[in-house]
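Colleague: For reference, the structure I am asking about is given below.
The values are calculated or read from the model by the stated rules, or taken from the named source; none is laboratory data. From a predicted model like this one, the values you see are computed outputs, not experimental measurements. FYI the Cβ positions are ideal-geometry reconstructions off the backbone, even for glycines, and counts take in every protein chain you see.
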Amino acid sequence: MSTESTSDKKSYHDKALKPKDFVETHFSHGQVPMIEECVVFPVRELHRMASKGLLKGSKLLDFSTGATVFQLLPLAKTFKDIYVVEVSKDHMEHFQAWLDKSENATDWSHASKRLCQLDGNREDWKEKEEDLRKAVRGVVTWENYKTTPLDPKVIPEVDCVLSVYMLNTASETKEEFQSILKNLVSRLKVHGQLVLFTVIDMSFYKVNEHRFSIMPLDEKTVQESVINAGMVIKQSGLMKAAEPNDLVDYSGVYYILADKVSE
């Protein structure tokens, strides 16, 4: 098996990154040492926001990393219309495979079952997944996200924008991070909400034998970028990494809940 040095790290868009391998390396139950941080923490916080009525409206736009599903499960009953945006055809097809219950789809039942526990087991986990499938109105690609806002003919104005781990995964500089964020919230109504999860102080992640680069971010930079995008921060929180591992090198998972106050 070949290995790569730090200087040979690949990007998120490299063909070596297969969506199914990526999500099952980093987000699958029983295989990932940091599952409580990278999956359960966002599920718990999003469930809390939805349960307390902090997220309002009917339309949600999701721009998250790796064709993941777990972040949408807590929001399927809050938002009637969910639009999923992926950066490539491969990622779009992998998300669609879950919608279609394809044999090649990633199993997200561990996240669905954890959500049931948060809800007091009032609903079967399979019903949670069906609620989400019914709410998804479309899965589209956004390949030029660094330079061009989403087409309003494809994605309508939404009440909430959700992004989990995507922005610093897709960015190479702080300026790109800011530009992508502004392009993303351009589809957000004034007084709408942004929920942003990022990894802090992370420079790489591994999938199979490959190392992929990710732009390191600190909390202050994320806060400044959100404010510069016309948002007012309402809440934020950090879950520190419990222990180092050889898959990633982040120090914690950070979230911001913000309201859009201007175009």
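Colleague: Could you tell me which of the residues Glu86, Glu129, Glu103, Glu123 is crowded, with 19+ Cβ neighbours inside 10 Å, of a type outside the set (A, V, I, L, M) and more than 30 Å from Gln178 (Cβ to Cβ)?
Modeller: So the residue among Glu86, Glu129, Glu103, Glu123 that is crowded, with 19+ Cβ neighbours inside 10 Å, of a type outside the set (A, V, I, L, M) and more than 30 Å from Gln178 (Cβ to Cβ) is Glu129.
Colleague: Then there's this: From the list Val43, Val39, pick out the single residue that is surrounded by 15 or more Cβ atoms within 10 Å (Cβ to Cβ), touching a residue at least 60 places away in the same chain (Cβ under 8 Å), β-branched (Val, Ile, Thr) and closer than 22 Å to Val207 by Cα.
Modeller: Matching residue, one of Val43, Val39: Val39.
Colleague: Would it be correct to say that Asp151 is acidic (Asp, Glu) and part of a helix (DSSP H, G or I)?
Modeller: The answer is no for Asp151.
Colleague: Just for the stretch 37-81: of the residues that are modelled with pLDDT under 95 and basic (Lys, Arg), which one is nearest to Arg133 (Cα to Cα)?
Modeller: The qualifying residue nearest to Arg133 (Cα to Cα) is Lys77.
Colleague: Select from the stretch 106-118 the residues that are of a type in the set (Ser, Thr, Tyr) and either part of a helix (DSSP H, G or I) or without any contact (Cβ under 8 Å) to a residue 40 or more places away in the chain (or both) and write down the one among them that is surrounded by the fewest Cβ atoms within 10 Å (Cβ to Cβ).
Modeller: Ser109
Colleague: Another question, if that's okay. Cβ-Cβ under 9 Å, sequence separation 6+ or interchain: first residue in the stretch 61-78 and free of Cβ contacts under 8 Å to residues at least 40 places away in the same chain, partner surrounded by 24 or more Cβ atoms within 10 Å (Cβ to Cβ) and among the hydrophobic types (A, V, I, L, M, F, W, C). Which pairs?
Modeller: That search, which allows pairs on different chains as well, returns Thr78/Leu60; Thr78/Cys160.
Colleague: Filtering the stretch 146-172 down to residues that are among the hydroxyl-bearing types (Ser, Thr, Tyr), touching a Ser or Thr at 6+ places or on another chain (Cβ under 9 Å) and modelled with pLDDT under 95, which residue is surrounded by the fewest Cβ atoms within 10 Å (Cβ to Cβ)?
Modeller: Going through the qualifying residues, I end up with Thr147.
Colleague: May I ask you to say which residue of Lys260, Lys220 is buried (at least 17 other Cβ atoms within 10 Å of the Cβ), modelled with pLDDT of 95 or more and not aliphatic (A, V, I, L, M)?
Modeller: Step by step, each of Lys260, Lys220 is checked, and only Lys260 is buried (at least 17 other Cβ atoms within 10 Å of the Cβ), modelled with pLDDT of 95 or more and not aliphatic (A, V, I, L, M).
Colleague: Answer with yes or no whether Asn121 is over 22 Å from Val85 (Cα atoms) and assigned to a loop (DSSP other than H, G, I, E, B).
Modeller: yes
Colleague: Just checking, how many residues over the stretch 73-113 are within 25 Å of Leu55 (Cα to Cα) and among the basic types (Lys, Arg)?
Modeller: Looking only at that region, the number is 3.
Colleague: From the list Asp119, Asp100, Asp159, which residue is within 29 Å of Ala229 (Cα to Cα) and among the acidic types (Asp, Glu)?
Modeller: That would be Asp159, the only listed residue that is within 29 Å of Ala229 (Cα to Cα) and among the acidic types (Asp, Glu).
Colleague: Could you check Lys220 against (1) more than 29 Å from Lys59 (Cβ to Cβ); (2) in contact (Cβ under 8 Å) with a residue 24 or more places away in the chain and say which number it fails?
Modeller: (2)
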